[in-house]
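Enquirer: Quick one: this structure, given as C-alpha cells, is what I'll be asking you about.
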Amino acid sequence: MNKKTILVSGASGIVGYGILRSLKDCDCKLIGTTIYETSPADCFSDIVLHPPLTKDENYIPWLIDTIEKNKIDMIIPAIEDDMYCWNKNGKLLEKTGTIVLLNNFELINLCYDKWNFYDFLKKRNVNCLIETSLEPDFNKFKTPFIIKPRTGFGSKGVVKIFDNETFEKYKNDIGKTLMVQEFIENDDEEYTFGAFFDKNSNMNASILLKRKLSKQGFTEIAEVVFDDNIKKEAQNLAKILKPVGPVNFQFRKNKTGFKLLEINPRISSSTSIRKAFGYNESKMCVDYFLLNKEIKQPEIKKGKAIRYTEDFILQ
C-alpha cells in the first residue's frame with residue numbers, strides 16, 4: 001500500500017503540532033501548513049508549507065492547488081478559522097478527491113455562534129445548559145456572572161463581572177457580539193470529554209479528563225477520570241446534534257450536576273495528552289475516514305499530565 005499523505009493546517013499551534021505528533025506512528029507523509037516562517041511545525045512535519053491567510057481570497061485556490069500537486073489523501077484543520085472556511089467550501093475541496101476531516105456540516109455551523117448553539121439546545125429542553133442571555137441587564141444573574149464573546153474559542157475574551165461599573169463597559173455590545181452567562185463555581189471541577197462518533201453518530205470511543213486551563217484557554221493540567229454521568233450527557237446531546245468524527249464536550253460541575261460549557265466539533269487541543277493515555281483521536285480519524293477501519297474503545301490508562309514549555313533547536 002502506498003504511503004498516505006496528510007495535510008494538517010495550523011501546524012505551528014498547540015492543536016496542529018499535537019495532531020502531527022499523534023500521527024508520527026501512522027507511517028504517513030505529513031505536511032504541516034503555517035503562516036509563520038519559523039515555528040515548531042518543522043519538528044513534526046515531513047514538509048512545511050506557508051499558505052495565504054485563511055480569510056485571503058487566494059486561500060482556497062492555494063489549498064486546492066496544494067492538494068492536487070502533492071496528491072494529498074486527507075486534510076485536517078487544526079484552527080477554528082480553517083474548520084469554518086473548509087466547511088463553507090467543502091464541496092470544492094471534496095472535488096479534489098481528498099478526504100476533508102470535518103464534522104457534521106450543520107453542527108459546525110451551529111457551534112460558530114455560542115448563542116445560537118445555546119438557543120438551539122434550549123428549545124430542545126436540554127437540562128445541562130448554563131443559563132445564558134442576550135439581555136443587557138446587570139440584574140439578570142447574581143454576581144459574579146460571565147460576559148463572553150458569541151464567537152471564538154478557548155476562554156479568550158471572557159470577563160467575570162462583579163459590579164455594575166465593569167458591566168457598563170460591555171453593555172452596548174451585549175446581544176451583538178457578546179452574551180451574558182451564569183457563572184458556574186468550582187473552577188477545579190472542569191472536564192473535557194472527548195468522543196469519536198461513526199457516520200451514524202454512534203459513540204465508538206471516549207476519554208474523560210479533569211483539567212485546569214492555561215491563560216490561553218488550553219488544557220494545562222489534566223487527569224484521567226471516569227464518570228458515566230458525563231458519558232450519558234454526551235450521548236444524549238449526540239442524539240440531537242448528530243456528530244460525526246471527533247468531538248469535545250466541555251463541562252463544569254456544581255451542586256446540581258454537570259453543566260455544558262461548550263462543544264468543539266473537532267480534534268482537541270489536548271489530543272497529544274489523550275494519546276499518552278491510550279486515546280489517539282488523530283489516528284482514529286485516519287483509520288476510520290481514510291483507511292475504512294472500525295473504531296473501538298481503547299484501553300484508557302490512568303494518570304496525570306502537566307504541560308510545560310520545551311525548546312526545539314533547528315540548525
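The values are calculated or read from the model by the stated rules, or taken from the named source; none is laboratory data. Keep in mind that what you see is a predicted model, and the values were worked out from it rather than measured. So basically every Cβ, Gly included, is an ideal-geometry build from the backbone, and we count neighbours across all protein chains shown. Accessible surface is based on the protein model in full, side chains and every heavy atom, while ligands, DNA and RNA are left aside. Shrake-Rupley method; radii C 1.70, N 1.55, O 1.52, S 1.80 Å.
Enquirer: On the basis of being within 30 Å of ILE130 (Cβ to Cβ) and touching an Asp or Glu at 6+ places or on another chain (Cβ under 7 Å), does LYS88 make the cut?
Expert: no
Enquirer: With respect to GLY152, determine if the residue is surrounded by 15 or more Cβ atoms within 10 Å (Cβ to Cβ), at positive phi and more than 21 Å from the chain's Cα centre (by Cα).
Expert: no
Enquirer: Another question, then. Looking at the stretch 125-142, can you tell me whether even one residue there is touching a residue at least 40 places away in the same chain (Cβ under 8 Å), aliphatic (A, V, I, L, M) and assigned to a strand (DSSP E or B)?
Expert: Yes, the stretch 125-142 contains a residue that is touching a residue at least 40 places away in the same chain (Cβ under 8 Å), aliphatic (A, V, I, L, M) and assigned to a strand (DSSP E or B).
Enquirer: Scan the stretch 143-156 residue by residue and report those that are more than 25 Å from PRO246 (Cβ to Cβ) and part of a loop (DSSP other than H, G, I, E, B).
Expert: THR143, PRO144, listed by residue number.
Enquirer: Can you find even one residue in the stretch 217-229 that is open to solvent by less than 10 Å² (accessible area, probe 1.4 Å), in contact with a helix residue (DSSP H, G or I) (Cβ under 7 Å, 6 or more places away or on another chain) and small (Gly, Ala, Ser)?
Expert: Yes, some residue in the stretch 217-229 is open to solvent by less than 10 Å² (accessible area, probe 1.4 Å), in contact with a helix residue (DSSP H, G or I) (Cβ under 7 Å, 6 or more places away or on another chain) and small (Gly, Ala, Ser).
Enquirer: Could you tell me which numbered condition TYR170 fails, if it satisfies all but one of (1) farther than 30 Å from ASP137 by Cα; (2) not in a strand (DSSP E or B)?
Expert: Every condition holds for TYR170 apart from (1).
Enquirer: Looking at ILE174, ILE207, can you tell me which residue is open to solvent by less than 20 Å² (accessible area, probe 1.4 Å), farther than 30 Å from ARG307 by Cβ and at pLDDT 95 or above?
Expert: Step by step, each of ILE174, ILE207 is checked, and only ILE174 is open to solvent by less than 20 Å² (accessible area, probe 1.4 Å), farther than 30 Å from ARG307 by Cβ and at pLDDT 95 or above.
Enquirer: Give just the number: which of (1) surrounded by 22 or more Cβ atoms within 10 Å (Cβ to Cβ); (2) farther than 21 Å from GLY245 by Cα; (3) of a type outside the set (Lys, Arg) does ILE64 not satisfy?
Expert: All conditions are met except number (1).
Enquirer: Looking at the stretch 158-169, is at least one residue closer than 26 Å to LEU102 by Cβ and free of Cβ contacts under 8 Å to residues at least 60 places away in the same chain?
Expert: no
Enquirer: I need the helices (runs of 4 or more DSSP H) fully contained in the stretch 1-81, keeping only those with at least 2 residues that are among the aromatic types (Phe, Trp, Tyr). I'd like the intermediate steps shown before the answer.
Expert: On the way: elements: 14-22, 41-44, 59-70.
So the answer is 59-70.
Enquirer: Within the stretch 1-50, which residues are over 25 Å from TYR279 (Cα atoms) and surrounded by fewer than 19 Cβ atoms within 10 Å (Cβ to Cβ)?
Expert: MET1, ASN2, ILE35, TYR36, GLU37, THR38, ILE47, LEU49, HIS50 - these are the residues of the stretch 1-50 that are over 25 Å from TYR279 (Cα atoms) and surrounded by fewer than 19 Cβ atoms within 10 Å (Cβ to Cβ).
Enquirer: Tally up the residues in the stretch 25-41 that are within 23 Å of the chain's Cα centre (by Cα) and at pLDDT below 90, please.
Expert: The qualifying residues number 5.
Condition check ((1) surrounded by fewer than 17 Cβ atoms within 10 Å (Cβ to Cβ); (2) within 26 Å of GLN235 (Cβ to Cβ)) across all residues:
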| site | (1), (2) |
| --- | --- |
| ILE75 | no, no |
| ILE79 | no, no |
| LEU92 | yes, no |
| LEU102 | no, yes |
| LYS123 | yes, yes |
| ASN127 | yes, yes |
| THR132 | no, yes |
| PRO136 | no, no |
| ASN139 | yes, no |
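Enquirer: Return the only residue of ASN104, ASN109, ASN2 being at pLDDT below 95 and either touching a Leu at 6+ places or on another chain (Cβ under 7 Å) or among the polar types (S, T, N, Q) (or both). Explain how you work it out, then say what you get.
Expert: Values: ASN104 fails: at pLDDT below 95; ASN109 fails: at pLDDT below 95.
After applying the criteria, what remains is ASN2.
Enquirer: Answer yes or no as to whether SER206 is hydroxyl-bearing (Ser, Thr, Tyr) and part of a strand (DSSP E or B). Quick ask: steps written out before the conclusion?
Expert: On the way: hydroxyl-bearing (Ser, Thr, Tyr): yes; part of a strand (DSSP E or B): yes.
Here the answer is yes, as SER206 does meet what is asked.
Enquirer: Separate question: In contact with a Lys or Arg (Cβ under 9 Å, 6 or more places away or on another chain) and modelled with pLDDT of 95 or more: is that true of SER214 in this structure?
Expert: Here the answer is no, as SER214 does not meet what is asked.
Enquirer: Would you check if ILE184 is more than 23 Å from LEU23 (Cβ to Cβ) and either within 18 Å of the chain's Cα centre (by Cα) or assigned to a strand (DSSP E or B) (or both)? Give the derivation first.
Expert: Numbers: more than 23 Å from LEU23 (Cβ to Cβ): yes; either within 18 Å of the chain's Cα centre (by Cα) or assigned to a strand (DSSP E or B) (or both): no.
In short, no.
Enquirer: Taking the condition over 24 Å from GLU281 (Cα atoms), in contact with a Leu (Cβ under 7 Å, 6 or more places away or on another chain), loosely packed, with under 15 Cβ neighbours inside 10 Å and not small (Gly, Ala, Ser), does ASN58 pass?
Expert: Taking the combined requirement at face value, the residue does not satisfy it.
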